Amino acid sequence: MEPTTTSLPLPARSEQVARALAAAGIPGTVRQLADSTRTAAEAAAEAAAALGCEVGAIANSLVFRSDGRAVLVLASGGHRVDTAALAARWGRGRLRRATPEQVREATGQAIGGVAPTGHPAPLPTVVDRALTAHPRVWAAAGTPHTVFPTTAEELLRLTGGVLLPVGPDED
């Protein structure tokens, strides 16, 4: 099932994401949906329902602070991030959830619509290994109402990220 889209022009932040996708050779088209598809962990079910996909195929863009800088975790909607386990796997210091202000400063985007790309500067990124189980995943495109289809492999290439499990007991 394809999501219900609108014919309105894309917001400026989503246009930035679309340009970044095109520059990286990622074929997914940014789509503006009629309903919000916030991709924070607690809203993954809402996003999946709007997109007609499994919750695990939602790539939640979560911003944390670690070692004095912002980092991005692209987590499957079916997972909660185990910050202690992920920090150890990733070889980073403690992961702390970024404040809304820190998210906007690091990404130029607001919580609920953070894309994996289109930021002022690239962020160290983890792509959840669980996303590889889905042939197509959906990621936010700069606003709570915009998304694009992609794959875990494209997310790795797009972000220069590393593939790691993000949940507990997944080694």
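Taking 0.36 nm per residue of sequence separation and removing the Cα-Cα distance, the R80/A24 pair yields an extension gain of 17.3 nm. Once both labels are positioned 7 Å from their Cα atoms along Cα-to-Cβ, the gap between A12 and R89 label points is 3.8 nm. A 1.4 Å probe run over the protein chains yields, for region 53-101, 45 Å² of accessible area per residue, whole-number rounding. Looking at the chain, the DSSP beta bridges with both ends there are about 70 percent antiparallel.
Residue-wise HN-Hα couplings along region 110-122, as the Karplus relation 6.51 cos²θ - 1.76 cosθ + 1.60 with θ = phi - 60° gives them from phi, are 8, 3, x, x, 5, 8, x, 8, x, 8, x, 8, x Hz; Gly and Pro carry x.
Between A45 and D169, what is 0.36 nm times their sequence separation minus the Cα-Cα distance? Round to one decimal in nm. Mind showing how you got there, number by number?
On the way: separation 124, 0.36 × 124 = 44.64 nm, distance 2.30 nm.
Contour length minus the Cα-Cα distance gives 42.3 nm.
The simple Förster model, with R0 at 45 Å and r as the Cβ-Cβ distance, assigns D67 and R136 a FRET efficiency of 0.85.
If you add up the charges near P124, with Lys and Arg at +1 and Asp and Glu at -1, over every other residue whose beta carbon is less than 10 angstrom from its beta carbon, what do you get? Working shown, then result.
Numbers: positive: R69, R92; negative: D67.
Residues near P124 contribute +1 overall.
With coordinates expressed along the principal axes, the C-alpha atoms belonging to the chain extend over 44, 30, 28 Å, beginning with the largest. Taking all protein chains as present, what is the carbon and sulfur share of the accessible area of the chain, in % to the nearest whole number, probe 1.4 Å? That fraction is 52 percent.
The values are calculated or read from the model by the stated rules, or taken from the named source; none is laboratory data. Please read all numbers here as calculations on a predicted model, not as lab measurements. Quick reminder, even Gly has a Cβ in these numbers, built from the backbone with ideal geometry, and neighbours come from all protein chains shown. The protein model used for the area step is the full one, side chains on, heavy atoms only, and it has no ligands, DNA or RNA in it. Shrake-Rupley method; radii C 1.70, N 1.55, O 1.52, S 1.80 Å.
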